[in-house]
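Notes follow the structure.
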Amino acid sequence: MVQPGCLGGDNREMSIHSAAVWPELVALNADQVDLSLVDRFVADPQRAESLSFALGDLWVDVAKHPIDAATLDLLFRLAKQRGVPKFFAAMTSGEVVNQTEGRPALHTALRASANAVIEVDGVNVVPGVQDTLEQLASFTDALRDGKVLGATGHAIRAVVSLGIGGSHLGPAMAAEALAEFSGDLEVRWAANLDRADLTQALAGLDPASTLIVVCSKTFTTAETLAAAEQARAWLFAGVGDEVSAHLAAATAFPERAVTWGVSSDRVFAFPEWVGGRFSLASSVSLGLMAAIGAERFGEMLAGMRLVDDQVAAEERSVPVLLGLLDVWHRQVRGAASRAVVPYSHALRRFPDHLQQLEMESLGKSVSVDGRPVEGPTGAVIWGAAGTDAQHAFFQLLHQGPEVVPVDFIGFAQPAGGVNDALMANLLAQAEALAFGRSEQEVAATGVSPALVPHRTFAGGRPSTVILAQRLTPSVLGQLVALYEHRTVTAAVLWGINPFDQWGVELGKQLAVRIADELSDPESSPNHDGSTNSLMARYREWRNPS
Ligand code: F6P
């Protein structure tokens, strides 16, 4: 088995702090702690060029981080010592890299070229992936052409995709991001256990012309199955017994979907070795493919592949660089969170997708061998679209006591049309965070002395700027794959497994128990005093007499 952080490096089974290069990294940071970004730019006029990188159609500028060529050399040495390149080779060739669940993590196979050979247990998985893609394409083509008929003979004109977490966040984000490429089908999404979410998604739709797609890798997730039941009842009320004409599913367990009531030719399977939050390229994106069409979906996969190929070919790839910077900010500079701010209304749900991708992957305290990780791991990821975010949380970014690295993402031709003011805001925020405004500068503007401290900006706040010309399907694929590989890089550096999520289990189990107790008026809950008392209050308020 292949272990993150322990593969092929010179520090097998040791923590990131034991990597030979670690003390040098820490020492370099200490040496440069007083070196401002202003000083760095003055000292090196070529800084922007040497710290900006092309990745496919993306332009990635890390010049506003407190780093230089020496930092990069040390970071890439760290990646090698922690086995990052070898881990990616093992991951993409189908080795078991998800140790705690005993399987590969082969999301890259979902977007591999059709003639690639990737074997799991001696069997090439690529032909199976291509077959599913073709089935999805022919079904969604028929949907888009109005050739899929419901129980009463009406053409399906609306698709409602049910799912949660990885079976929802990525595809729903992508459908919004690529809305300008959508066709005539109405495609909606619902996730929340609160029935209001699905009720809202179904509002105004006619069951006779609606397809419900149940997306669940396990087909056991409580939220999704509850929504599926709610949707099925809505269909039944509208079209009667023949509801299966209005159902489809995406799952790694097709037999469970069939048992639930989806006809087998409408079940689009994907392998268990695709992690939920890495599954955008899988059949959970049926709704997305229905919206944008198979050709555009193929372009998105090609964009992902382009990034996969860079990570495979280059040890100093951009995704690995960003993963290294994330770990460095977290461990060496103590940044507890990172904000992601797309200056794009279309990409406004990208932070939501990244929250699951990064926090479910990196929110761990033990390494793959079960030992505590030294120091902090994954940062809190948060964000919202600019410029809205500027009027919500940027005050904290500029003047709060903690430094929060920011990812700015922008487009020269956003969906709403070329908009210099939008780009100006992105660039201005990055500049203001990096260089601030000194007390002297503020005082020189005639501000009263009492207000000078309030109007001073410390600066030195790092950001990455990612630019692209336009948010096409390919560019979206590149962005998603960039963040996936960045996340895996950080996990490998820390020696943790990015592909499991045991941390969500305990709450789920307790919820089942509490739900049973709440529904049984005779039960006398035996939890802690706080939970018991809250349950009593809930019961009292649930059915007021
Ligand atoms: O949140 C836990 C989780 O297991 C995620 O990892 C997953 O994406 C989500 O639930 C949904 O799971 P499923 O696709 O099996 O319904």
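The values are calculated or read from the model by the stated rules, or taken from the named source; none is laboratory data. All figures in this text were calculated on a predicted structure; none of them were measured in a lab. When we count neighbours, we look across all protein chains shown, and the Cβ atoms used for this are built from the backbone with ideal geometry, even at glycine. Protein only, heavy atoms only, side chains kept; ligands, DNA and RNA dropped before computing areas. Shrake-Rupley method; radii C 1.70, N 1.55, O 1.52, S 1.80 Å.
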Contour excess over end-to-end distance, with Cα ends at Ser365 and Ala179 and 0.36 nm allotted per residue: 63.1 nm
Rounded Å value of the spacing that divides the Cα centres of the range 449-528 and the range 274-320: 20
Unit charges on C-beta of K, R, D, E only; dipole of the chain, Debye: 460
Residues with amide H under 5 Å from that of Ser161, placed H, sequence gap 5 or more: Arg188, Trp189, Ala190, Val213
Within the range 45-89: backbone nitrogen closer than 11 Å to the Ala312 label point (7 Å, Cα to C-beta): 89
Accessible area of Glu505 in the full protein assembly, 1.4 Å probe (Å², nearest 10): 60
Theoretical gain in end-to-end length, Thr259 to Ala48 [0.36 nm per residue, Cα-Cα removed]: 70.2 nm
Area accessible to solvent at Asp326, 1.4 Å probe radius, in Å²: 30
The range 162-315: relative contact order in percent, alpha carbon pairs under 8 Å with at least 6 residues between: 31
Between 0 and 90°, nearest 10: helix 473-494 axis offset from the chain longest Cα axis: 70
The range 121-297: radius of gyration over Cα atoms, expressed as a fraction of 2.2 N^0.38 Å: 0.94
Degrees separating the helix 69-81 axis from the principal Cα axis of the chain, which is the longest one: 50
Estimated inter-spin distance, Ala421 and His154, nm [label 7 Å along Cα→Cβ]: 4.2
On Cα atoms only, tilt of 222-239 relative to the major axis of the chain in degrees: 40
Heavy atoms of Ser93: accessible area, 1.4 Å probe, square angstrom to 10: 60
Accessible surface, 1.4 Å probe, highest first, among residues Met91, Met423: Met423, Met91
DSSP beta bridge pairing in the chain, given as percent antiparallel to the nearest 5: 30
Straight-distance crosslink candidates among lysines, where the alpha carbon sits under 25 Å from Lys86 and sequence neighbours closer than 8 are dropped: Lys364
Three-way shape call for the range 72-160 based on the alpha-carbon gyration tensor, with the a/c threshold at 1.5: prolate
Over the chain - Rg/Rh using Cα atoms and the Kirkwood inverse-distance radius: 0.99
Förster radius 25 Å - calculated FRET efficiency between Glu242 and Asn192 (Cβ-Cβ, nearest 0.05): 0.35
DSSP bridge orientation in the range 89-222 - percent antiparallel, rounded to nearest 5: 30
Of all DSSP beta bridges in the range 121-297, antiparallel share, percent nearest 5: 5
Estimated [θ] at 222 nm from DSSP helical runs (n ≥ 4, -39500 (n - 2.57)) normalised by residues in the chain, nearest 500: -13000 deg cm²/dmol
Solvent-free Debye scattering, log10 I(q)/I(0), computed from the Cα coordinates of the range 15-142 at q = 0.16, 0.19, 0.20, 0.22 Å⁻¹: -0.95, -1.09, -1.14, -1.23
Reciprocal mean inverse distance between Cα atoms of the range 364-440 - Kirkwood radius, Å: 15.3
Translational D in µm²/s for the range 367-502 (Stokes-Einstein at 4 °C, 1.567 mPa s, Kirkwood Rh from C-alpha pairs): 73
20 °C / 1.002 mPa s Stokes-Einstein diffusion coefficient of the range 186-290, Kirkwood radius on C-alpha pairs, µm²/s: 154
Compactness index (Cα Rg / 2.2 N^0.38 Å), the range 446-545: 2.04
Dipole moment magnitude, nearest 20 debye, the range 305-441 about Cα centre, only Lys, Arg, Asp, Glu C-beta charged: 200
